[in-house]
Amino acid sequence: MFAVVLALLGACSPEKPSADGVPAGSGWSEFQGTWTAAGSRHVIRLGSDRQASVSNLSGSVMLAGASRPGVGFRAEAVVLNDSATGMVGRSVWTDERGDQVYSELKGEGTATGSRIAGTFLGGTGRYAGASGTFEFSWRFVLESEDGVVQGQSVGLKGRVRIEAPANRTSAERSRP
């Protein structure tokens, strides 16, 4: 099975978001939310008791919390699951301005409800230099025989730090 979605956790002290929803400075922003997605899954059998699948999902992430980095994002994820080794994936969240934040996803186990851990890998625009972690469980709402899947996160929470542009080196500022 696959597991997706973000969640970021904890902060030393809450920060007030700026007018564009991104916290000022380089402190941590905590959030919780919901990730819903639909897409396709292709499964191959690796013998009688093992399978692997690739899922391509798109949907939305809605965040809550006083210091959240944004309210809503369009989310895309590509996930590889192996019933013997777990899952790995990558996701891109895009806000209303087109700015993006990237993450990698890892999960142990493949059953619905397995914990998924995400790590932010940076981004573009106001999310350049983003770092942090999130976690959630995934549950499928629809799994059809023709590979159509739909699901949602459970317990998405995490934390993110968005480094202020003045604190980044010129090499970091020039990264896409």
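The table below lists the values:
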| item | result |
| --- | --- |
| Residue count for the stretch 41-65, restricted to those that are out of contact with any Asp or Glu (no Cβ under 9 Å at 6 or more places or on another chain) and either assigned to a loop (DSSP other than H, G, I, E, B) or farther than 15 Å from Val101 by Cα (or both) | 10 |
| Members of the stretch 82-91 found to be crowded, with 18+ Cβ neighbours inside 10 Å and closer than 13 Å to Phe120 by Cβ, listed by number | Ser91 |
| The one condition in (1) closer than 20 Å to Thr34 by Cα; (2) of a type in the set (A, V, I, L, M); (3) crowded, with 18+ Cβ neighbours inside 10 Å that Ala64 fails to fulfil | (3) |
| Residue match in the stretch 68-81 (condition: modelled with pLDDT of 95 or more, crowded, with 18+ Cβ neighbours inside 10 Å and farther than 15 Å from Trp138 by Cβ) | yes |
| Residues located in the stretch 83-101, provided they are assigned to a strand (DSSP E or B) and at pLDDT below 95 | Gly86, Met87 |
| The stretch 61-104, residues that are of a type in the set (Phe, Trp, Tyr) and in contact with a Gly (Cβ under 7 Å, 6 or more places away or on another chain) | Tyr102 |
| Selected residue (only one of Gly107, Gly33, Gly59, Gly123 is modelled with pLDDT of 95 or more, buried (at least 19 other Cβ atoms within 10 Å of the Cβ) and either closer than 23 Å to Val148 by Cβ or touching a Cys at 6+ places or on another chain (Cβ under 7 Å) (or both)) | Gly59 |
| Number of the exception - Ser131 against (1) surrounded by 20 or more Cβ atoms within 10 Å (Cβ to Cβ); (2) modelled with pLDDT of 95 or more | (1) |
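A quick yes/no check of all residues on (1) out of contact with any helix residue (DSSP H, G or I) (no Cβ under 7 Å at 6 or more places or on another chain); (2) farther than 18 Å from Ser131 by Cα; (3) assigned to a strand (DSSP E or B):
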| position | (1), (2), (3) |
| --- | --- |
| Ser67 | yes, no, no |
| Glu76 | yes, yes, yes |
| Asn81 | yes, yes, yes |
| Ser103 | yes, no, yes |
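The values are calculated or read from the model by the stated rules, or taken from the named source; none is laboratory data. Quick caveat, the model's predicted, so the values are computed rather than measured. As a convention, Cβ positions derive from the backbone with ideal geometry for all residues, glycine included, and neighbour counts pool all protein chains shown.
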